[in-house]
Structures are given as C-alpha cells and as structure tokens.
1. Can you work out ³J(HN,Hα) from phi for every residue in region 31-46, in order, using Karplus 6.51 cos²θ - 1.76 cosθ + 1.60 and θ = phi - 60°, giving whole Hz and x for Gly and Pro?
2. For region 99-112, take each phi angle, set θ = phi - 60°, evaluate the Karplus expression 6.51 cos²θ - 1.76 cosθ + 1.60, and give the result in whole Hz per residue in order, putting x for glycine and proline.
3. Which cross-chain or sequence-distant (5 or more) residues have an amide H under 5 Å from the amide H of D71, H modelled 1.01 Å from N in plane?
4. Can you tell me the FRET efficiency between L104 and V42 if r is taken as the Cβ-Cβ distance and R0 is 25 Å, rounded to the nearest 0.05?
5. Please list the non-local residues whose amide H lies under 5 Å from the amide H of G23, H modeled 1.01 Å from N, same-chain partners needing a gap of 5 or more.
6. Quick query: amide H of Y126 versus all other amide H atoms, modeled in the peptide plane; which residues come in under 5 Å with a sequence gap of 5 or more or a different chain?
7. If you project the alpha carbons of region 32-92 onto their three principal axes, what span does each projection cover, largest first, in Å?
8. Stretched out fully, how many nm does the piece from Q34 to K118 gain, at 0.36 nm a residue minus the Cα gap?
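Each value in this text was obtained by applying a stated rule to the coordinates, not by laboratory testing. These figures come from a predicted structure and were not determined experimentally. FYI the Cβ positions are ideal-geometry reconstructions off the backbone, even for glycines, and counts take in every protein chain you see.
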Amino acid sequence: MSLNATPSGERVHIGFFGRRNAGKSSVVNAVTGQNLAIVSDVLGTTTDPVLKAMELLPLGPVVIIDTPGIDDEGELGALRVRRSYQMLNKTDVAVLVVDSAVGLTDEDKKLLEKIRQKRIPYVIAYNKSDKQKTETADEHEISVSAA
C-alpha cells in the first residue's frame with residue numbers, strides 16, 4: 001500500500017492549537033512546506049478545523065489539523081472554541097502554539113490541562129521568536145519563527 005493510500009485512522013494526527021493570531025496557521029505552513037492554511041493579521045481567520053492528510057518525512061503518513069483560536073468571542077466564537085476542543089479527540093500529538101510576546105495565557109493553560117488529562121503527547125511552540133526571546137526551560141517547549 002502506498003503512503004498516500006494509508007487510511008486516515010492509521011495516520012498520526014497532529015493538532016495545532018492556540019489563541020487567535022498566535023501563528024498556528026503559519027506554523028502549519030512551515031511544518032508542511034505548503035500554503036495549506038490561510039494566514040492573516042485578522043483575528044479569527046481560521047473559522048473551522050482544517051484537516052489535511054499528507055506525508056511528513058521522516059514521520060510518514062499524517063493528518064495535520066489546524067484549529068480555530070481557543071480565545072474566540074461571541075456566540076459563533078464559542079462554537080469555534082468548542083470545535084477546537086473536540087479536535088483533541090482526534091489528536092495523537094498536540095502542538096500548542098503560543099505568541100512568544102504574550103506568553104502562556106489562562107486559555108492556553110486551560111487547554112494544556114485538557115491535553116494532559118487526555119494524556120496526549122505535546123509540545124509548546126513559542127512562535128514569533130524572531131520578535132521576542134522566550135526562555136524554554138521545559139522539555140515540552142521550543143521557540144520557533146514561522147515568519
């Protein structure tokens with residue numbers, strides 16, 4: 001069976017989570033080497049989870065999940081937040097994308113607690129590190145710049 005024919009259930013699902021404009025979509029595009037996700041300075045550009053089956057070498061067949069911001073507001077925003085949290089049920093590895101200039105917020109910490117409760121392996125990616133130096137003391141933390 002070719003790698004592209006691998007059923008979705010047998011692929012590693014990598015979910016990218018975080019606040020609006022933390023740079024989730026930019027990190028997704030950098031990791032995949034594709035313009036998979038729309039990137040903009042407008043809060044809430046990603047309105048629904050975006051799932052993309054692909055090959056990510058050297059890992060192999062994966063499903064990349066780009067999610068709406070976990071801090072969205074209003075009635076529609078609450079639905080988006082709920083959809084993001086639901087994506088945890090499909091996630092094998094979580095990437096919590098944090099704006100390094102802002103740091104971990106209460107929303108990030110709440111999501112991180114859910115990730116830990118579900119025992120999902122995770123990494124915290126401090127994005128926009130070209131704009132602000134972030135100390136990464138924890139084994140789950142990295143600094144990145146998807147610019």
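1. Rounded to whole hertz, the list is 5, 7, x, 9, 8, 6, 10, 6, 10, 7, 7, 6, 4, x, 4, 7.
2. Going residue by residue, I get 5, 5, 6, 9, x, 5, 9, 4, 4, 4, 5, 5, 5, 4 Hz, with x marking Gly and Pro.
3. R20
4. Rounded to the nearest 0.05, the efficiency is 0.60.
5. Excluding prolines and chain starts, which carry no amide H, there are no hits.
6. V98, I142, S143, V144
7. 40, 27, 12
8. Value of the extension gain: 27.3 nm.
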